Every structure is written in C-alpha cells, then in structure tokens.
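The values are calculated or read from the model by the stated rules, or taken from the named source; none is laboratory data. Predicted model, so just to flag it, every value in this text is computed and none were measured. FYI the Cβ positions are ideal-geometry reconstructions off the backbone, even for glycines, and counts take in every protein chain you see.
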Amino acid sequence: MPKLNRFSLKTAWQEMNPNVKLVFGYSFFQSLGRGIWMGNVLSVWIYLISNESNELLGLTSAITGLAMTITVLPAGYISDKTQHRYMLRLAAIVGFIGLSFALFASSLEIMFLALLFWGLFQGMNRPSVESIFADSVESGTRSEIYAQVHLVRQLGMAIGPLVNVLLFLFFGDDWSLPVLKSVMVIGIVLSMLSLAFMVFFDDRKSLGSESDKIVEIMDKIQVVGSTIENNPNKRYVIIVVLLLSNLIIGFGAGMTIKFFPIFFRNIYFLEPITVQLIMGGTGILTGIISIYTQRLSLRNGRAPMIFTVQGIATLCLFIIATYPPVFLLVPIFFARGSLMNASQPLSRSILMDVVPKKHRGGVNALQALAWGLFWNVSAAIGGFLIGSDDNFRLCFLITGFIYVLGTLPILLLIPLVSREKNHL
C-alpha cells in the first residue's frame with residue numbers, strides 16, 4: 001500500500017465526493033458531542049436521579065429504541081422513494097427538539113421525553129445518512145472509506161471523554177448530579193451544532209451506476225462440488241446472514257454497554273476522570289484497530305476478519321465477567337470494545353456492495369433497527385438482570401453467549417464474499 005503524504009491526502013480530499021466530506025464532518029462532531037454527554041456521563045446521571053436503579057437506566061434506553069422503531073422503517077421506505085436530503089432535514093429538526101429537552105432536563109421525566117425525540121431522530125436519520133453515503137462511494141472499494149469514517153467516529157467518541165477529563169477537573173472529580181449535568185451541557189450544545197451538516201447533503205451529488213451493487217461477488221464459487229455462477233440466491237444469503245448477525249450482536253451489546261460506567265463505579269470504585277480515560281482510550285484504539293483490520297481483510301477476506309475480531313472480543317467479555325484485577329481489566333476492556341467495533345465497517349461495506357441503490361434505505365433501516373431497537377430494548381433486560389444487587393457477572397455471561405450466537409453465522413459468508421478489487 002503506498003505511503004500517503006500530505007499532498008496525496010490533500011488531493012484525495014479535493015477529489016472526494018461532497019456528500020462523503022459531509023459524512024466525515026457530521027460523524028466527527030456528532031460523535032464528539034455524544035462522547036461528552038451521552039455515553040458514560042448520561043448513564044450515571046440517570047442512575048443517580050432514579051435513586052440508583054439499574055432497571056430504570058435500562059428502561060430509558062428502551063424508550064429510545066421504541067421511538068426509533070416507530071420511524072426507522074417508514075423513514076427508510078420514504079427515503080428510497082423520494083430523496084434522502086428531505087428526510088435528513090426533517091430529522092435535524094426532530095433532533096434539535098430532543099436535544100433542547102435534554103439541555104434543560106432536571107428530572108427523569110423530562111429526560112425520558114428528550115430520549116424519546118432522540119430515538120425518533122435516530123430512526124429518521126440513520127437510513128438516509130448511510131444510504132446517501134453508500135450512493136456516493138464506488139462499489140468494490142467501500143471497506144477503506146468505511147473504515148476511515150469509522151475511525152473518525154471513534155476519534156470523536158474518544159476525544160469526548162478526554163474533553164470530559166478537563167471538564168471534571170474544572171467542575172470537580174465527583175459523581176454528583178450538578179457536576180454531571182454541567183458536563184452534559186457542553187456535549188449537548190456540540191451535538192446541536194453537528195445537526196447543521198445534515199442540511200447540506202444532496203442526492204444530486206451522489207454517484208451513478210458505479211455506486212450500485214457489484215457483480216464481482218456473483219463470480220463462480222464452489223459449493224458441495226458444484227459450480228454456481230451468478231446465483232441470485234447468494235446475494236440474499238449474504239444480506240440475511242449479515243442482518244441476522246448484526247441483530248443478535250446488537251441485542252447482546254445493549255445488555256451491557258449502558259452499564260459499564262456503573263460497573264466501574266460500583267465494583268471497582270473508579271472516579272469520573274479515570275472512567276473517562278478508559279472510555280477515551282477504548283475509542284482511540286477502536287479507530288486504529290478498525291483501519292488495521294480493514295487492511296488485513298484485503299489479504300485474508302472481510303468475512304474471516306469479522307469472525308476473528310468478534311470471536312476474540314467475546315472471549316474478552318467472558319474474562320471481564322470474572323471481575324479481574326483492575327490492572328488486567330483495563331487492557332481486556334480495551335480489547336473487547338475495540339475488536340467488537342472493528343467489525344462494523346467491514347460488515348457494512350459487504351452489505352452495501354450487494355444491495356442495489358434503490359433498496360439501500362430499507363436495508364439501512366433494518367440495520368439501524370438491529371442496533372437501535374434491539375440494542376436499546378435489550379438494555380432494559382440488562383438492567384433487570386443486574387438488578388439492585390449489581391449482578392454484572394450474570395449479565396456479562398449471558399451477553400457473551402449471545403455474542404457467540406451472533407458470530408457463528410459469519411462462517412457461512414467465508415465462501416460467499418469475494419475480496420475487494422483494490423486488493424488486486
């Protein structure tokens with residue numbers, strides 16, 4: 001792979017599709033804002049204001065997931081039938097309303113309302129952003145640009161907690177409601193500013209047929225000794241397996257992710273700044289490993305890399321369930337989060353390579369449903385599993401077995417998915 005210098009990077013940026021540039025900008029600032037207010041800080045704020053109830057913390061996520069369910073499939077359908085930019089502008093308005101409620105929330109009820117609108121925003125926003133992004137990237141070359149956007153998102157999510165370190169130094173290194181809300185306000189304002197990017201997306205600037213589904217994946221393959229050429233069922237198998245795997249992984253992730261800040265606070269008695277450093281480090285490592293995983297996939301194939309990183313991440317979660325000493329916990333936690341997330345750009349690049357442009361809104365809606373409805377609703381299950389006695393071990397073990405179920409179907413893709421053409 002040729003070494004990039006500042007001139008080639010500048011040229012690549014100048015030649016990049018305008019919609020792709022907007023995806024980079026929106027992804028960074030949206031992730032930065034969320035990294036400050038909506039990750040571990042919001043979880044602890046809800047936990048404390050609900051009288052330390054893991055059950056209510058889980059239910060707040062369920063509200064977001066149910067709200068997303070109401071809008072994500074209709075939004076994906078409408079987006080495919082009209083133009084993505086109209087849905088994105090409407091989503092920006094809904095998102096601003098939700099963030100306004102969050103900005104002034106001083107009770108659990110108002111935060112419930114904020115998260116309801118945030119779920120509506122996510123349902124309207126995700127299918128259209130992912131579709132216009134896919135429509136603006138040439139098929140067969142997606143994994144690299146998807147890995148780069150994933151890196152930008154992870155950097156935003158990583159920088160957010162690192163900004164929080166400074167904010168907690170200023171407001172106080174303390175898990176108290178006033179301090180947490182002061183930190184959240186900064187992130188909410190940044191999230192509001194990120195919505196401005198959504199106004200400038202334009203379907204008329206997307207690519208033509210070169211961004212449609214590729215034909216390379218329909219090449220000859222050997223299955224049980226017989227040669228199948230241009231088998232239309234192959235494409236549907238890939239789509240179904242990826243969506244099913246993502247749905248199962250999303251369901252498992254939702255049961256645990258929301259509760260890691262409480263786990264660090266209640267089991268290991270970590271202070272806010274320490275938790276921010278752990279979360280920020282995980283985000284940075286995730287971005288780096290995503291790029292490295294994408295490059296390895298050019299040689300080894302995308303499906304084998306997805307199976308490998310998800311398998312190792314699952315093993316890490318089982319180790320975390322043993323409550324290891326903190327000096328072991330932190331690197332294992334880094335590995336779990338970064339490896340599991342490193343599979344996402346590869347999975348999405350495969351999916352967008354086999355789905356025709358006219359159906360991408362609907363498929364991205366289903367993808368968002370997997371990581372929206374099931375991720376958020378399963379958080380309610382996680383809250384009840386953990387309960388008032390902080391039984392994180394039970395929740396982690398059940399999540400680990402769910403990850404196994406979500407990872408095994410990827411084996412079916414190994415003989416079906418071809419390497420990308422920029423490998424040649």
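Taking the condition of being modelled with pLDDT under 85 and of a type in the set (S, T, N, Q), how many residues in the stretch 67-100 meet it?
4
Here's a check for you: in the stretch 78-98, which residue that is assigned to a helix (DSSP H, G or I) and of a type in the set (Ser, Thr, Tyr) is surrounded by the fewest Cβ atoms within 10 Å (Cβ to Cβ)? Give the derivation first.
Quick first cut of the stretch 78-98, residues assigned to a helix (DSSP H, G or I) only: 78-81, 84-98.
Add one more test, that the residue is of a type in the set (Ser, Thr, Tyr), and what stays is 79, 86.
Values: Ser79: 27, Tyr86: 14.
That would be Tyr86.
Conditions tested, residue by residue: (1) closer than 23 Å to Gly383 by Cα; (2) touching a Gly at 6+ places or on another chain (Cβ under 9 Å); (3) small (Gly, Ala, Ser); (4) surrounded by fewer than 19 Cβ atoms within 10 Å (Cβ to Cβ).
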| position | (1), (2), (3), (4) |
| --- | --- |
| Met255 | yes, yes, no, no |
| Pro261 | yes, yes, no, no |
| Arg265 | yes, no, no, no |
| Leu270 | yes, no, no, no |
| Ile273 | no, no, no, yes |
| Gly281 | no, no, yes, no |
| Thr286 | no, yes, no, no |
| Ile289 | no, no, no, no |
| Arg295 | no, no, no, yes |
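Taking the conditions exactly as written (farther than 30 Å from Phe101 by Cα, within 26 Å of the chain's Cα centre (by Cα) and at pLDDT below 90), does Asp203 satisfy them or not?
Values: farther than 30 Å from Phe101 by Cα: yes; within 26 Å of the chain's Cα centre (by Cα): yes; at pLDDT below 90: yes.
Here the answer is yes, as Asp203 does meet what is asked.
Taking the stretch 301-328, which residues are within 16 Å of Asn246 (Cβ to Cβ) and either without any contact (Cβ under 8 Å) to a residue 24 or more places away in the chain or among the small types (Gly, Ala, Ser) (or both)?
Residues of the stretch 301-328 that are within 16 Å of Asn246 (Cβ to Cβ), as a first pass: 302-303, 305-307, 309-311, 313-314.
Residues satisfying the conditions are Ala303, Gly311, Ala313.
Name the residues in the stretch 75-91 that are more than 11 Å from Met124 (Cβ to Cβ), among the polar types (S, T, N, Q) and touching a residue at least 60 places away in the same chain (Cβ under 8 Å), would you?
Gln83
Would you be able to say whether some residue in the stretch 155-163 is in a helix (DSSP H, G or I) and either more than 19 Å from Arg34 (Cβ to Cβ) or of a type in the set (S, T, N, Q) (or both)? Quick ask: steps written out before the conclusion?
First, the residues of the stretch 155-163 that are in a helix (DSSP H, G or I): 155-163.
From what is left, the residues that are either more than 19 Å from Arg34 (Cβ to Cβ) or of a type in the set (S, T, N, Q) (or both) are none.
No; the residues of the stretch 155-163 include none that is in a helix (DSSP H, G or I) and either more than 19 Å from Arg34 (Cβ to Cβ) or of a type in the set (S, T, N, Q) (or both).
Counting just the residues of the stretch 118-150 that are hydrophobic (A, V, I, L, M, F, W, C), more than 14 Å from the chain's Cα centre (by Cα) and in a helix (DSSP H, G or I), which one comes out farthest from Val355 (Cα to Cα)?
Going residue by residue through the stretch 118-150, those that are hydrophobic (A, V, I, L, M, F, W, C) are 118, 120-121, 124, 129, 132-134, 137, 145, 147, 149.
Keeping just the survivors that are more than 14 Å from the chain's Cα centre (by Cα) gives 118, 120-121, 124, 132-134, 137, 145.
From the residues that got through so far, the ones that are in a helix (DSSP H, G or I) too are 118, 120-121, 124, 132-134, 145.
Values: Trp118: 28, Leu120: 25, Phe121: 24, Met124: 20, Ile132: 13, Phe133: 13, Ala134: 10, Ile145: 17 Å.
Among them, the one singled out is Trp118.
In the stretch 48-77, which residue that is of a type in the set (Gly, Ala, Ser), out of contact with any Lys or Arg (no Cβ under 8 Å at 6 or more places or on another chain) and surrounded by 17 or more Cβ atoms within 10 Å (Cβ to Cβ) is farthest from His359 (Cα to Cα)? Working first, answer last.
Narrowing the stretch 48-77 to residues of a type in the set (Gly, Ala, Ser): 50, 53, 58, 61-62, 65, 67, 75-76.
Right, trim to out of contact with any Lys or Arg (no Cβ under 8 Å at 6 or more places or on another chain) and you get 50, 53, 62, 65, 67, 75-76.
Next cut, surrounded by 17 or more Cβ atoms within 10 Å (Cβ to Cβ) only: 53, 62, 65, 67, 75-76.
Working: Ser53: 42, Ala62: 28, Gly65: 23, Ala67: 23, Ala75: 12, Gly76: 9 Å.
It comes out as Ser53.
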